[in-house]
Every structure is written in C-alpha cells, then in structure tokens.
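The values are calculated or read from the model by the stated rules, or taken from the named source; none is laboratory data. On a predicted model such as this, the values are computed, not experimentally measured, just so you know. Don't worry about glycine lacking a Cβ; one is built from the backbone with ideal geometry, like all the others, and counts go over all protein chains shown.
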Ligand SMILES: Cc1cc2nc3c(=O)[nH]c(=O)nc-3n(C[C@H](O)[C@H](O)[C@H](O)COP(=O)(O)OP(=O)(O)OC[C@H]3O[C@@H](n4cnc5c(N)ncnc54)[C@H](O)[C@@H]3O)c2cc1C
C-alpha cells in the first residue's frame, strides 16, 4: 500500500499547526487512493509530540536522538534521506516554512525526487500528482501535473489547508534508530532566540478587524480599536498601513505579511489587491466595507457593505455585540 509521509514540525516541545494541516491534506488524498498516512517525528524528546499526533495518522515513525533536538539541516537531512530511501513513501509532505524551505530542495536534490514547493492544493489526475501554486507574487495560478514517479516531495503553504478531525485511533508507532553522524558538515545549533514580541500573533486570532488605506490617517485608528475591542477582535492591516508605520509590520496580512485564517475577517477600507487576498481569502467569514462597489475585496467577501466605513462602524458595533 502506498504511503503518504508527513514530516511533523515542532518547536520547543510543541507541534506546529502546520503539521495538522498537512495531516488533514494527506488524509483527504489517502481516502481516494487507499494510502496510509504516517507522521515522521524527529527530535530528542519525541514522546509528547507523538502523543499529540494520536489519532491523526495511521502510523507514527519516531526517531529520537539528542542531535535532533533542534532543527539543523545536517542531521535532519541525513535521517530523512535514509528514511525516504528505505521506506520509499509515495508522497512526502513538508511545511513551506523556514524549516521546509531550507530542507526540501536539498532533500529532493540528494534523492533525485521531484519537488513542488509552496503548494495550495494537491491532487491526482491521469496517473500523475497534481498541484496548485501561485507565481508572480500571486498574480497567476499555476496548475502542474507531474510526470509519473516513484516518489514525490511537496512543501505546503501554511494556512492553505484546514486542520482536520483526525483519521485513526491509536496509531502504530515505529521507532527508528538514528543515523550515524560521521558525514555531517559541522553546522551546529547555537541557541534558540525568541523574537522579542510585545505584539500579538494575528495568525492565531479568531476575529480580525483589518484596516486599509481607507482609514485615512492614524488618528482614526483608535475608533477602529474600540470597535475591535467591543467584538473581541484583533487589529490587522494591509501593507500601506504597515509601511506608513501606523501599525507594526507584524499586523500586516498578505503575501509579504502573514497568512491568516480567522473565523471572521472584517476588512475596512481595503481595496483587496491580490497580494492582500492571498493572505486572508480562506477566512471563515469575510465582511468588507468599502466606498467603491468595484473594489476587488467584494469578490472574496461573503458580506459586502458599500459605504463609508466611519458611518458603518457604529452600526456594525451594535449588530456584532448582539
Ligand atoms: C511584492 C508586493 C507585495 C505586496 N504585499 C502585500 C501584502 O502582503 N499585503 C497587502 O495588503 N498588500 C501588499 N502589497 C500591496 C498591494 O498591491 C496593494 O497596494 C495594497 O494591498 C493596497 O492596500 P489598501 O487596500 O489598504 O489600499 P488601497 O488600494 O489604496 O485601497 C484603499 C481602499 O479604501 C477604500 N476607501 C477609502 N476611504 C474609505 C472610507 N472612508 N470608507 C470605506 N472605504 C474607503 C477605497 O475605495 C479603496 O478601495 C504588495 C505589493 C507588492 C508589489
């Protein structure tokens, strides 16, 4: 039976959401192809990570070694190359994260496996793996059908897939002995530095109120802040607002900002350029307020209000409070 292997990503003892997103994508694909889904966990103390994966994969492959405590391309690549060469999973999924971007191309080159990066969809047609990705900063959608191959490697964009409910109870756990480390080139992990961040992570927010250039001037922001507070939302923005320094860069949504997927996204005075849409179009419910009925944001909004945002805010506050 074919195997889809998801390389679990964890940091400081916690699984990253990306892992569940990849497992959900793998589970969907596996359903149609009679595949098994396995999660590959590399680390020093892998037990809590494996426990957190219970029910999300048919099989967990655990590789425990002090060398794997923190992500370091050298030992990770050594172990992954060995496992992929011996088990030959049909499809290996890695997050399109700093780790995945660093590791996947080197792994593909080392094993001569076809690689597609930053995928937004994965499928299967006419005997080949199909993917959807974006090029030219999101202006063009590129659909690829790969030539038939024994193995494929893909990186998936964080936030492009929804984490699922899980597929199995009590997966089989297979422990693999770590590799010998002689061939390592000497990259060493020195320290883990947490970015000093007084700010919130907009990617974690359930409700986002996002402001664009239509806010006019920074003096108007407190008005929106009050609105956001009233409905328990976090404030985010389009790029011009961050570029002008009206809100920190960490609040920017879009291709050069963050990809977000809140339950509710309220876009105020945002035109909806494709670079912005790419970062928020998968939100649960999108409400857009814009004076211009032709603003592209209305193409992705579930509810659109063509009006001056300053007139709409008090009404919205009342309605959403209810
Ligand atoms: C390489 C690259 C990367 C980029 N990355 C990003 C990114 O990550 N995120 C991002 O957002 N952009 C990004 N951009 C910029 C993007 O192309 C747009 O320029 C930007 O998103 C526009 O922001 P905006 O909608 O706030 O402003 P505008 O396009 O100027 O739109 C303002 C909107 O507000 C409306 N408006 C004005 N006044 C009011 C009012 N009183 N009430 C209601 N509506 C009002 C107007 O009708 C208009 O639609 C990127 C661009 C490039 C080239």
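Worth a mention:
- Test: residue 228 is touching a helix residue (DSSP H, G or I) at 6+ places or on another chain (Cβ under 8 Å) and more than 14 Å from the ligand (Cβ to nearest atom): no
- Checked against the criterion of being near the ligand (Cβ under 9 Å from one of its atoms), closer than 17 Å to residue 207 by Cα and modelled with pLDDT of 95 or more, the candidates 266, 297, 270 yield just one match: 270.
- Residue match in segment 301-318 (condition: within 27 Å of the chain's Cα centre (by Cα) and either buried (at least 18 other Cβ atoms within 10 Å of the Cβ) or within 22 Å of residue 218 (Cβ to Cβ) (or both)): yes
- Only listed residue being surrounded by 21 or more Cβ atoms within 10 Å (Cβ to Cβ) and either closer than 21 Å to residue 188 by Cβ or free of Cβ contacts under 8 Å to residues at least 40 places away in the same chain (or both), chosen from 63, 94: 63
- Residues located in segment 132-157, provided they are surrounded by 17 or more Cβ atoms within 10 Å (Cβ to Cβ) and under 17 Å from residue 108 (Cα atoms): 151, 152, 153, 154, 155, 156
- Selected residue (only one of 202, 122 is closer than 30 Å to residue 55 by Cβ and within 16 Å of the ligand (Cβ to nearest atom)): 202
- Hey, residue 238 over 17 Å from residue 314 (Cα atoms), touching a helix residue (DSSP H, G or I) at 6+ places or on another chain (Cβ under 9 Å) and within 12 Å of the ligand (Cβ to nearest atom) or not: yes
- Filtered residues of segment 282-293 (kept if within 12 Å of the ligand (Cβ to nearest atom) and more than 19 Å from residue 320 (Cβ to Cβ)): 291, 292, 293
- Figure legend. Inter-residue proximity from segment 285-298: first residues without any contact (Cβ under 8 Å) to a residue 24 or more places away in the chain, second residues near the ligand (Cβ under 10 Å from one of its atoms) and not in a helix (DSSP H, G or I), beta-carbon distance below 6 Å, spacing 6+ or different chains. Indicated pairs: 288/267; 293/306.
- Some residue of segment 246-261 being in the same structural domain as residue 298 (by TED's automatic domain parsing), within 13 Å of the ligand (Cβ to nearest atom), buried (at least 17 other Cβ atoms within 10 Å of the Cβ) and over 25 Å from residue 21 (Cβ atoms): yes
Table: residues versus (1) assigned to a helix (DSSP H, G or I); (2) touching a helix residue (DSSP H, G or I) at 6+ places or on another chain (Cβ under 7 Å).
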| position | (1), (2) |
| --- | --- |
| 123 | no, no |
| 129 | no, no |
| 137 | yes, yes |
| 141 | no, no |
| 160 | no, no |
| 170 | no, no |
| 178 | no, yes |
| 181 | no, yes |
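- Among (1) within 23 Å of residue 97 (Cα to Cα); (2) buried (at least 17 other Cβ atoms within 10 Å of the Cβ) - the single one residue 189 does not satisfy: (2)
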